[in-house]
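Comments concern the structure below.
The values are calculated or read from the model by the stated rules, or taken from the named source; none is laboratory data. What you are looking at is a predicted structure, and each value in this text was computed from that prediction instead of being measured. When we count neighbours, we look across all protein chains shown, and the Cβ atoms used for this are built from the backbone with ideal geometry, even at glycine. Keep in mind that these areas ignore ligands, DNA and RNA; they rest on the heavy atoms of the full protein, side chains included. Shrake-Rupley method; radii C 1.70, N 1.55, O 1.52, S 1.80 Å.
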Amino acid sequence: MEVIGGDVVGPLWDGAPREGMSQDRRELAAKIAMSLKLFAKFYGSQECDQIEAWLDEMVLRGEAGLFEAPRTVDVVSHRTKYFFGNGYTYGQGCQGKEELLPLGSVDAIPLWLTTLVIQPLVSKGILPHGWVDSVVVNDYRSGGSIVSHVDPLHLFARPILTATFFCPAKLVFGASFDPARTVPPAYSQMLPRGSVLVLDGTSANDVTHGMRPEDLFGARRVSIVLRHVLDHAPTYLPPGTLNPRERSRLIRGVQGRWRDSASKTFFIVRQLSVAVLSVLRGDPDEGEDPFSHSATWRLTPREDGLVCNTGLLDLDGLFPQRLQWKPLTPNHEKIGFTWIRLHGD
Ligand code: OGA
Ligand code: MN
């Protein structure tokens, strides 16, 4: 392990053969150690104070429901996760199948975090400018843990950086999390307040890492995980989400002239604008215009279709001679409405 700046902290296993450790395990431990880089005292104590004050503010903001996006905060027992920039699906039964959340699911990376946490790493040449586009803040309280895992290889580039605030903790590699702790860590890394750990190679890719409740030294430890999302990372799309080609088929398909089923109202669709014409009671024999322009409506594209007033049109409702609009808020009474293409169109 390369330690840069500050006192040398860890590894807890110093490379000497440990009782009962197999040759394979020892080799793994050595590889983990070699692929880690620790900036033992990257943030000074005043910088830590400042960052920790912002972390407290972030917690209050979360508790007050002040984050805008729906998936920014995720509370589990003894640990709260905050996602910024890019969030992703994770959790039990999800390993290997994680997907990015669609844009807008989590809040943007806060300015304080860019300025106080990321920028110093950029200034020192540790990270390229603009590289960090996903930040996870883990706020662990006594009894908190993070189960052994590998950060999804198909979502995140390497390296992976974790900064530690408040109390120190140990990150354990290759350990089992069963109640008996059957498999002890192949390697443990002590992470002091203000440190930055860089995981790459073996430590990031070939062995799990995690933190058991006994690895926390104090009542609260916060980690800030800095990562870069891969260009082709799979994204979770809610069922019914249209791709650009489908969306354009829908918009092309609604162009033209339509009537309602009672032939009382006519609709002329041009681009995303709908001219609405109602039948006039006037006498056409008198040369009166049989139509009056009564309104202009908008078609609003949405993830899953086009919205017009209280109706939603998706690909299931698109026919050459007919548009079958679904009620926007489905309920038992509403059945939607139909537009029928005018002859000659
Ligand atoms: C993670 C992670 C470790 C830590 O969030 O993926 O490994 O130090 N966190 O909190
Ligand atoms: Mn991780």
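Here are some notes:
- Scope region 291-323; condition open to solvent by less than 70 Å² (accessible area, probe 1.4 Å) and more than 12 Å from L250 (Cα to Cα); matching residues: S292, S294, A295, C308, G311
- Residue count for region 210-233 under the criterion of being touching a strand residue (DSSP E or B) at 6+ places or on another chain (Cβ under 8 Å), in a loop (DSSP other than H, G, I, E, B) and closer than 19 Å to F84 by Cα: the result is 3.
- None of E63, E19, E99 is at pLDDT below 95 and within 21 Å of the chain's Cα centre (by Cα) except E99.
- Neighbours by Cβ (under 9 Å, 6+ apart or cross-chain): first from region 328-345, assigned to a loop (DSSP other than H, G, I, E, B); second at pLDDT 85 or above and of a type in the set (D, E, K, R): K334/K326; I335/K326; G336/K326; L342/R257; L342/R259; G344/R257; D345/R257
- All of S105, S148 fail the test of being in a loop (DSSP other than H, G, I, E, B) and of a type in the set (S, T, Y), apart from S105.
- Residue selection: V147 satisfies the criterion of being touching a strand residue (DSSP E or B) at 6+ places or on another chain (Cβ under 7 Å), surrounded by fewer than 18 Cβ atoms within 10 Å (Cβ to Cβ) and of a type in the set (V, I, T).
- Residue within region 183-201 that is more than 12 Å from ligand 1 (Cβ to nearest atom), in a helix (DSSP H, G or I), open to solvent by less than 40 Å² (accessible area, probe 1.4 Å) and farther than 28 Å from V59 by Cα present: yes
- Filter pass, R61 being assigned to a helix (DSSP H, G or I) and in contact (Cβ under 8 Å) with a residue 60 or more places away in the chain: no
- In region 91-115, the residues that are within 16 Å of ligand 1 (Cβ to nearest atom), open to solvent by less than 80 Å² (accessible area, probe 1.4 Å) and not charged (D, E, K, R): G91, C94, G96, L100, L101, V106, I109, L113
- Answer residue from region 64-75, given it is part of a strand (DSSP E or B) and more than 13 Å from ligand 1 (Cβ to nearest atom) and is most open to solvent (accessible area, probe 1.4 Å) among those: V75
- For region 151-169, taking the residues that are open to solvent by less than 10 Å² (accessible area, probe 1.4 Å) and assigned to a strand (DSSP E or B), the one that is nearest to ligand 2 (Cβ to nearest atom) is identified as I160.
- Among the residues of region 76-90, those that are of a type in the set (G, A, S) and either under 16 Å from H154 (Cα atoms) or surrounded by fewer than 17 Cβ atoms within 10 Å (Cβ to Cβ) (or both) comprise S77, G87.
- Taking (1) modelled with pLDDT of 95 or more; (2) open to solvent by less than 60 Å² (accessible area, probe 1.4 Å); (3) more than 30 Å from A169 (Cβ to Cβ) in turn, Q271 satisfies each apart from (2).
- Filter result for S148 (more than 16 Å from ligand 2 (Cβ to nearest atom), of a type in the set (S, T, N, Q) and within 25 Å of G174 (Cβ to Cβ)): no
- Criterion (modelled with pLDDT of 95 or more, touching a strand residue (DSSP E or B) at 6+ places or on another chain (Cβ under 7 Å), open to solvent by less than 30 Å² (accessible area, probe 1.4 Å) and under 24 Å from A108 (Cα atoms)) met by exactly one of V137, V207, V172: V137
- Residue check, F173 within 13 Å of ligand 2 (Cβ to nearest atom) and either without any contact (Cβ under 8 Å) to a residue 60 or more places away in the chain or hydrophobic (A, V, I, L, M, F, W, C) (or both): yes
- With respect to being under 30 Å from D314 (Cα atoms), open to solvent by 50 Å² or more (accessible area, probe 1.4 Å) and away from ligand 1 (no atom under 16 Å from the Cβ), R247 fits the description.
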